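Remarks on the structure that follows.
The values are calculated or read from the model by the stated rules, or taken from the named source; none is laboratory data. Here the structure is a predicted model, which means the values were calculated and not measured. Ideal geometry is used to build each Cβ from the backbone, glycine not excepted, and the neighbour counts take in all protein chains shown. Surface areas here come from the heavy atoms of the whole protein model, side chains and all, with no ligands, DNA or RNA. Shrake-Rupley method; radii C 1.70, N 1.55, O 1.52, S 1.80 Å.
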Amino acid sequence: MSEKVVSGRNTAAAEGDVVVFHIGLRINRLRALSSWLPAFMSMPRMLRELSQEKSSGLLAYKVLYGGLRDFYVVQYWSDKERLLAYAHQQDAAHRPAWTAFNRRARAGKGHVGIWHETFIVTAGSYESVYVDMPAYGLGAATGVVPVGRRGDTAAQRLRSGER
């Protein structure tokens, strides 16, 4: 993702439905390194794998921190089919990481927690605005266009995305 500031008021250039996937890890017991460190280290590997494979469906992601114990990633996907396909792909990084996590979780008895949420957002149900910002969030995933192309207000931009 570029850190170049895009001047003015812009909105995401997204067309159609948007898939937003949140996935996170919470360290419940800091000293239980063997429970949470492998899961923590597996995410960068998966993100690299997905980013290098242009047909994976991953459009962009942002890693966020919620303090010492909470880490999560917001991901933007082209469609739910590719997100689900990656989750089940036997020869990709996710399946072995998930299997290993489950094995450690049973032994660790709650030392680490993981979560995910998937949102399929239909056209006309999302809008965005970025003012003097680098490409960010959905705008980083799809590019940005001047706000005027979609409407000057949030309500206008929501209407412009309707099918």
Exercise. Counting only residues that are among the hydroxyl-bearing types (Ser, Thr, Tyr) and buried (at least 18 other Cβ atoms within 10 Å of the Cβ), which one in region 3-39 is modelled with the lowest pLDDT?
Worked result: 35
Exercise. Open to solvent by 50 Å² or more (accessible area, probe 1.4 Å) and farther than 19 Å from residue 10 by Cβ: does that describe residue 77?
Worked result: no
Problem set entry | Where a residue in region 96-107 is closer than 15 Å to residue 86 by Cβ and its partner, wherever it lies, is in a helix (DSSP H, G or I), with Cβ under 6 Å and at least six apart | 97/42
For this session: Go through region 137-160 and give me each residue that's without any contact (Cβ under 8 Å) to a residue 40 or more places away in the chain and either basic (Lys, Arg) or buried (at least 17 other Cβ atoms within 10 Å of the Cβ) (or both).
Result: 159
Seminar exercise, completed: Within region 12-34, of all residues that are free of Cβ contacts under 8 Å to residues at least 40 places away in the same chain and assigned to a loop (DSSP other than H, G, I, E, B), the one farthest from residue 145 (Cα to Cα) is 31
Problem set entry | Hits in region 86-129 (condition: at pLDDT below 90 and of a type in the set (D, E, K, R)) | 91, 95, 103, 104, 106, 109
Problem set entry | In region 80-101, residue nearest to residue 12 (Cα to Cα) [restricted to those that are open to solvent by less than 70 Å² (accessible area, probe 1.4 Å) and hydrophobic (A, V, I, L, M, F, W, C)] | 83
Problem set entry | Which listed residue is open to solvent by 50 Å² or more (accessible area, probe 1.4 Å) and more than 23 Å from residue 16 (Cα to Cα), from 112, 63, 129 | 63
Exercise. Here is a list of conditions, (1) closer than 15 Å to residue 11 by Cβ; (2) surrounded by 15 or more Cβ atoms within 10 Å (Cβ to Cβ), and residue 134 meets all of them except one; can you say which number that is?
Worked result: (2)
Exercise. Out of curiosity, is residue 68 assigned to a loop (DSSP other than H, G, I, E, B), open to solvent by 50 Å² or more (accessible area, probe 1.4 Å), farther than 17 Å from residue 13 by Cβ and not acidic (Asp, Glu)?
Worked result: yes
Seminar exercise, completed: Restricting attention to region 18-55, the residues that are farther than 18 Å from residue 96 by Cα and over 13 Å from the mean Cα position of the chain (by Cα) number exactly 12
For this session: Could you tell me whether residue 52 is closer than 23 Å to residue 3 by Cα, loosely packed, with under 13 Cβ neighbours inside 10 Å and of a type outside the set (Phe, Trp, Tyr)?
Result: yes
